1. Based on this model, can you work out whether A72 counts as open to solvent by less than 60 Å² (accessible area, probe 1.4 Å), assigned to a helix (DSSP H, G or I) and of a type in the set (A, V, I, L, M)?
2. Is it fair to say G142 is in contact with a Pro (Cβ under 6 Å, 6 or more places away or on another chain), closer than 15 Å to P39 by Cβ and of a type outside the set (D, E, K, R)?
3. Regarding G116, is this residue farther than 19 Å from G81 by Cα and among the small types (G, A, S)?
4. Kindly establish whether E95 is under 16 Å from the mean Cα position of the chain (by Cα), of a type in the set (D, E) and over 18 Å from V144 (Cα atoms).
5. Name the residues in segment 142-163 that are open to solvent by 20 Å² or more (accessible area, probe 1.4 Å) and in a helix (DSSP H, G or I), would you?
6. With respect to E2, is the statement that it is open to solvent by 20 Å² or more (accessible area, probe 1.4 Å) and touching a Gly at 6+ places or on another chain (Cβ under 8 Å) true?
7. Just name the residue that is nearest to S7 (Cα to Cα) out of those in segment 22-35 that are open to solvent by less than 70 Å² (accessible area, probe 1.4 Å) and assigned to a helix (DSSP H, G or I).
8. From the list P188, P192, pick out the single residue that is modelled with pLDDT under 95, touching a Leu at 6+ places or on another chain (Cβ under 9 Å) and open to solvent by 20 Å² or more (accessible area, probe 1.4 Å).
Amino acid sequence: MEEPSESLRSDRVELRRLHMTDLDALERAIDESLDHLVPWMPWAAGHSRQQTVDFLARGQEEWEAGRAYNYAIRAGGVVIGGCGLHRRIGPGGLEIGYWVHSRWTGQGLATMAASGLVREGFQLAGTDRMEICHDAANQSSGAVARRLGFTEVARTRVPEGPCAPGEVGIDVVWRMTVDEWRAGRGVPTPAPVG
């Protein structure tokens, strides 16, 4: 498999590859969730529509180049967040990132979305590990990694300190290897749509 499926479904969420046509829906989800996102997402503090346009344009280039695969998380027919697979942790590795609209938190939807990314990521040729990284103060992100069967492998002080107001400046890294995933350690994951 050269690239992940453009659409995945899991229980109550659908992941769809982000396109420029998602701009308004994505903007609405971000704008309605800024109070929830600003403490944890450095990009949220300076959020603007142009920033989202640039993100979507860059996302198309990165998908085509195989550097990142960004998805809209959808539930109930609306965009409720975003997630992605990123090739930024070295050869054979993919990092998972995710965020969910403030009205949709606490329902397991981030876990469902990340679970779909794990399944797809391990089907990409050469992927031997996946990681989730978050600030130590962001306990919700840690709970997602734990529920998925990832193992905490590192806690590192960030030299430049916290990047967002809710952070304490300590990165927590969680990892799952392809062998662990194949052995069934991870949570069951969704199948591609269509």
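1. On the way: open to solvent by less than 60 Å² (accessible area, probe 1.4 Å): yes; assigned to a helix (DSSP H, G or I): no; of a type in the set (A, V, I, L, M): yes.
In short, no.
2. no
3. When the stated conditions are applied, G116 does not pass them.
4. no
5. Scanning segment 142-163 gives A143, R146, R147.
6. Here the answer is yes, as E2 does meet what is asked.
7. Restricting to residues being open to solvent by less than 70 Å² (accessible area, probe 1.4 Å) and assigned to a helix (DSSP H, G or I), the top hit is D22.
8. Checking each option against the conditions leaves just P192.
The values are calculated or read from the model by the stated rules, or taken from the named source; none is laboratory data. Treat the numbers as computed from the prediction; the structure is a model and nothing was measured. Glycine also receives a Cβ, built like all others from the backbone with ideal geometry; neighbour counts cover every protein chain displayed. To get the accessible areas, we keep the full protein, side chains included, count just its heavy atoms, and leave off ligands, DNA and RNA. Shrake-Rupley method; radii C 1.70, N 1.55, O 1.52, S 1.80 Å.
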